[in-house]
Amino acid sequence: MLAHLIDPESRTITSVEVPDTGDKLPAIYKHLRCDTFDVATLPNGDGLYVDDEGLLKPAYHFIAVRGMPQPFAGRGLLLGMDANGRSVAPTTSLEQLTRDVKFIELLYANVVVVRDAINPSHERILPLGNVLKTLAEEAAE
């Protein structure tokens, strides 16, 4: 099955393969490049798999997804979930996800650059303290 991989370092969102059956964990770990993960549920029920220890590592690249209350450190892998909590293909299209994602890069101790995934060349430099407020305002638009 296809999943959507969000890579803030390369500023890309791509479709990647995850096994339909059997153990999906090795593929999830490989795509996220981590040893432990957590899942944040999007408003539509899709699951955003993220590095559970992302903030414990030197983090310079983050992703923000419309509808989620905070950014996540490192890569994200979007999968759907069935009624039993099993991973399935996401209902969010690659095009919709690209419209909903922002890449955040730490420039200095308290300054970040925010880029829309749909147009990564358009960037805004913000004080770190204004990021959540700015993302919330843009999500409300």
What does the helix-only formula give at 222 nm for the chain: each DSSP H stretch with n ≥ 4 adding -39500 (n - 2.57), the total divided by the residues, and the result rounded to the nearest 500 deg cm²/dmol? -5000 deg cm²/dmol
For segment 17-24, take each phi angle, set θ = phi - 60°, evaluate the Karplus expression 6.51 cos²θ - 1.76 cosθ + 1.60, and give the result in whole Hz per residue in order, putting x for glycine and proline. 8, 10, x, 5, 10, x, 7, 8
Computed Kirkwood radius, in angstrom, where 1/r is averaged over Cα pairs of segment 65-141: 13.8 Å
Using the Kirkwood formula on alpha carbons, the hydrodynamic radius of the chain in angstrom works out to 15.3 Å
Which ³J(HN,Hα) values, rounded to whole Hz and listed in residue order, are derived for segment 85-99 from phi using the Karplus coefficients 6.51, -1.76 and 1.60 in 6.51 cos²θ - 1.76 cosθ + 1.60 with θ = phi - 60°, glycine and proline given as x? x, 7, 6, 9, 4, x, 7, 6, 6, 4, 5, 5, 4, 4, 6
For the chain, take the longest principal axis of its alpha carbons; what is the angle in degrees between that and the long axis of helix 131-140, to the nearest 10 within 0 to 90? 70 degrees
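No lab work stands behind these numbers, since they all come straight from the coordinates. Remember, it's a predicted structure, so these values are computed and weren't measured experimentally.
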